[in-house]
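First the structure, in the form of C-alpha cells, and then the observations on it.
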Amino acid sequence: MQKQHLTNLNNSYKEDFDKSFQKIMDLSSAKFSSFVYDYSYWDEMAKFAKQPDKKWAKINIDEPMVNFNIDYIWVVNSKSEFIYTKSADLEDVTSLINKKDFNQTKPIFNSYFIKSKNTLIKIYLAPIQASEDMKRVGKPQGYLIVGKVWSKVFIKDLENITRQKIKIVDENQIDADIISHPLVGYDKKALSYINLKLDKSYLKTLGSSVETLSLFVLFIGLLTLILMILFIYIVVLKPMNVITLSLSHNNANFLSKLILKKDEFGLISRLIKDFFTQQGKLIAQLKRAEDAEKQQQILQEQLAMINLDLEEKIYTRTKELENLNFDLDKRIEEEVNARQSQEKILIQQSKLASMGEMIANIAHQWRQPLSVISTIASGIQVKQEYGMLKTETIYGNMENIISQANYLSKTIDDFRNFLNNTSEGKTISIKAVLEKTILILESVLNHNQIKLFSLLEDDLLLEGHENELMQAFINIINNSKDAIKEHSQDEDDRLIFIATSKKDDYLELTIKDSGGGIPKDIISRIFEPYFTTKHQSFGTGIGLFMTGKIITERHNATIMVENIEYKYENKVHRGAIFTIRFMKPLVSTSS
C-alpha cells in the first residue's frame, strides 16, 4: 500500500512539474511571439515591406533585435521575396524557411522548428499588416519572421530555471523518470525531443523512512501526507499560483515577494518581470506611432463614407463602358484574324491596354462633375428640410446640374469616338488629333501634377487613321508620364512639351518630357515587342511596339527617340524626345 501511495505521489509530482515546465517553455517563447506579432502590425513595417530603407531598418529592426536577444530576422514582401535579412553573425538558414505560408491569401500566424547542422532554431512568423486592419484578416502585405537558436546557453538557462537536467535527443525516450516534449517542424512532425530527467531523491528518502517506521505507519503516513501537501502547497503550488495570477492579470506586482527569492521561482519571477518590462517598452513605442496615425485614420474613414455613393456611381458608369467596349473586342478579333499569330496577340493586348487606360481616364474625367452634382443635390435637400428652398434656387441649380450632365455626355461621346475605329484612311488635321488626345489625358496628367505645353501649327493635314494616331500619341505621352512619376518628385519639374511644324517635304511632330531620359543600353530596343522600360509588374512591352507599327506601317512615317537636355525657366531638365516625320504628301486647308 505504501509503494502504491509513493507511486501516486510520483505521478502527481511528475504531472505538476510537466505543467510547470510547459508554462516555462511558453514563457520563454512569449517575448519572441509578442515581438513578431506587434512589430508586424505596424504601418511603418508595412511601408518598409513596400519600400525597403536600410537606415530605417538599422534603427527599427537591428537595435530591437539586440534588445530582445533575437538571433535571426527576415522581412518578406507581398511577392514572397526576402527583402531584408539580419542574423547575429550566424550561418544563413534562409533556405530552410518554409515559403508555403507566404502564398496564402489569408494571414498566417505560425511557429515551428528548423534544424541545421544539429542546431535547432525556433521560427516565429506573422503577416505584415497596416493598423487600419484592426481584426488582422486582410491580405498580408508581407511577413515578418524571427528565429531563436536553442543554443547550449539557452538550454543551460532552462536547466537553471527548472533545476533539472535537460537534454535534446533525436528519438523519443519512454521512461518514468523523464518528461519528454516533441519539437515539431513545419509539417508537425518531431525534429527532436527535449527530455527533462526528474530528480526523485526525496521520494527514495521518503520510502526508506516509511519502511523504517512501519510500526507507526498510520500516524506517520498521515503526518507525512499532511506535511507533503503543506510542502507542495507552500513551496510549489503557492508560488505557481502567484505566477499564474501574475500572468493572467498581465501584472508583475503580484511577484514582489517571489522576486526576492533565490530559488527557481525567484528566477522565473524575475524573468516574467523582465518580459513585462520589455512588453511595456514595445507597447509605448507602438502607441507613439499609433497616436500619430489615429487622426489620419479617422479622416480617411470619414472620407470613405462620403465618397461611397460617388464610387458606386462611377462603378455603374464604368460597367456601362465595359459593355460598350464588348463590341470593340469583337471588331478587334475580326481584324487581327488575317494577321500572323504573333501579331494577333500583340494587337489584342494593345487594344485591351487602351481600353483600361480609357476606363481610368473616364473615372478621372467624371469625378469633378459627379462631385458637383452630389453637392448641389445635398444643398437642395438641406434647404428643403429647413423650409429655405426657393423656386429660383431650384432653377439655378438645375441649370448647373444640366451643364455638368452635358459635360459627362460629351465625355462619353469623346471616348466613344476614340473607340470607333475604321480601317479606311481620310484627310485629318494633326492639330485636331493632338487636341483630342490631350483632352482624353488631361485629367490623368492633372492628377499626377504634370504640366503639358503644346505649340501646334494650323493647316497641317495628312491622309491617315485618326484613332490609330491617337492610340500612338497616348502610348508616347503615357510613357513620358510614367517616366516623370518615377524620376521627378518636384511638381515644377513635371513637364511635357508637344510641337508640330511643316518642313520642306514632311510634317514633323515632337513630344519632349522631363522624365530623366532612357538608359543608353536599352534606348535602341524600346520599339521591340514585349520590351518595356518599366518594372515588369507595371509594363507589358507592347505600347511603344504598337506605336512604331502605327507610325511606320500604317502612315509611311518615321519615328525615333533620343535623350535630350534643355532649359526651361532658367532650369536644366533631362528627358527623352520622340520625333515623328510624316512623309505622305501634305494637304493644306488653304488649298
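A few points about this structure:
- Residues Ile551, Ile511, Ile24 arranged by fewest to most Cβ contacts within 10 Å: Ile24, Ile511, Ile551
- Backbone HN-Hα couplings from phi across the stretch 34-40 [Karplus 6.51/-1.76/1.60, Hz, Gly and Pro as x]: 5, 4, 5, 5, 6, 5, 6
- Relative contact order [Cα under 8 Å, 6+ residues apart], the stretch 15-200, whole percent: 21 percent
- Shape of the stretch 104-144, Cα gyration tensor, a/c cut at 1.5: prolate
- Sum of side-chain charges, Lys47 neighbourhood, beta-carbon under 15 Å (Lys, Arg +1; Asp, Glu -1): -4
- With kT/(6 pi eta Rh) evaluated at 20 °C and eta = 1.002 mPa s, and Rh the Kirkwood radius from Cα pairs, the stretch 15-200 diffuses with a coefficient of 122 µm²/s according to Stokes-Einstein.
- Residue-wise HN-Hα coupling along the stretch 43-54, computed from phi with Karplus coefficients 6.51, -1.76, 1.60 (Hz; x: Gly, Pro): 4, 5, 5, 4, 5, 5, 5, 8, 10, x, 9, 5
- Proxy reagent accessibility, fewest Cβ within 10 Å first, across His465, His249: His249, His465
- Between the alpha-carbon centres of the stretch 87-142 and the stretch 452-488 there is a gap of 47 Å.
- Gyration tensor verdict on the stretch 229-271 (Cα atoms; rounded if a/c is under 1.5, prolate if a/b is larger than b/c, oblate otherwise): oblate
- Across the stretch 70-78, computed HN-Hα scalar couplings (Karplus, 6.51 cos²θ - 1.76 cosθ + 1.60, θ = phi - 60°) run 9, 8, 9, 8, 10, 10, 10, 8, 5 Hz from first to last residue, x flagging Gly and Pro.
- Summed residue charge, Cβ within 12 Å of Phe68's Cβ, Lys/Arg positive, Asp/Glu negative: -2
- Among 388-398, 512-522, sorting by the average number of other beta carbon atoms lying within 10 angstrom of each residue, highest first, gives 512-522, 388-398.
- Whether the stretch 424-591 is rounded, prolate or oblate, judged on the alpha carbon gyration tensor where a/c under 1.5 counts as rounded: prolate
- Spacing of the two label points (7 Å from each Cα toward its C-beta) at Lys319 and Lys294, in nm: 4.0 nm
No lab work stands behind these numbers, since they all come straight from the coordinates. From a predicted model like this one, the values you see are computed outputs, not experimental measurements. Neighbour counts are summed over all protein chains in view; Cβ atoms, including those assigned to glycine, are modelled from backbone coordinates with ideal geometry.
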